[in-house]
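Encoded as structure tokens, the structure appears first; notes follow it.
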Amino acid sequence: MIKHITSSDLEVTVSGQPGPYHSGHVMWDGNNQKFKVMDGQGNSQDMYGAQAYVTLGNDWQIIKAWVFQKQAEEREIETLCKQYPNLAEAKREFDIIYKLVKDHK
């Protein structure tokens, strides 16, 4: 039974019934594939559990969008470099100079 879920990075919602409203023993109903709670008088109540839904929070949605945009840009650059050899050469030179400057810091 889920009562509470917290997360600072994710959005979590819980729905459904919290559980049965009377006491008794729990049994598995194999025919219906569910748990039941039987009280002392033989009355049964289906044992519904709550459901938790976890989705990405706002920060993770922004990161996910950035990653997809970055991947699309890299695929576009790769395609253009295949079409234009001068662009491929310029990119190689840029990458070398960038690494040298970065390593020199």
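Rule-based calculations on the coordinates, nothing more; no lab input. Note that the structure is predicted; figures quoted are calculated from it, not measured. Here Cβ is always computed from backbone atoms with ideal geometry, including for glycine, and neighbour counts include all displayed protein chains.
Computed per residue of the chain from DSSP H runs no shorter than four, each worth -39500 (n - 2.57), the mean residue ellipticity at 222 nm is -15500 deg cm²/dmol. Nearest 10 degrees, 0 to 90: what angle lies between the long axis of helix 58-83 and the longest principal axis of the chain (Cα atoms)? Tilt of helix 58-83: around 40 degrees. Once the convex hull of all Cα atoms in the chain is built, its volume per residue stands at 196 Å³.
Potential lengthening of the chain between Gln83 and Ile96 amounts to 2.6 nm, from the contour at 0.36 nm per residue minus the alpha-carbon distance. Per residue, the convex hull spanned by the Cα atoms of region 10-56 measures out at 81 cubic angstrom. The gain in end-to-end length when the Val26 to Glu76 segment is fully stretched comes to 12.1 nm, 0.36 nm per residue minus the alpha carbon separation. Enter the angle in degrees (range 0 to 90, nearest 10) between the Cα long axis of helix 85-104 and the first principal axis of the Cα atoms of the chain, meaning the one along which they spread out most. Roughly 80 degrees between the two axes. In terms of other Cβ atoms within 10 Å, Asp103, Asp29 run from fewest to most in the order Asp103, Asp29. Working from Cα pairs under 8 Å separated by at least six residues, relative contact order for the chain is 23 percent.
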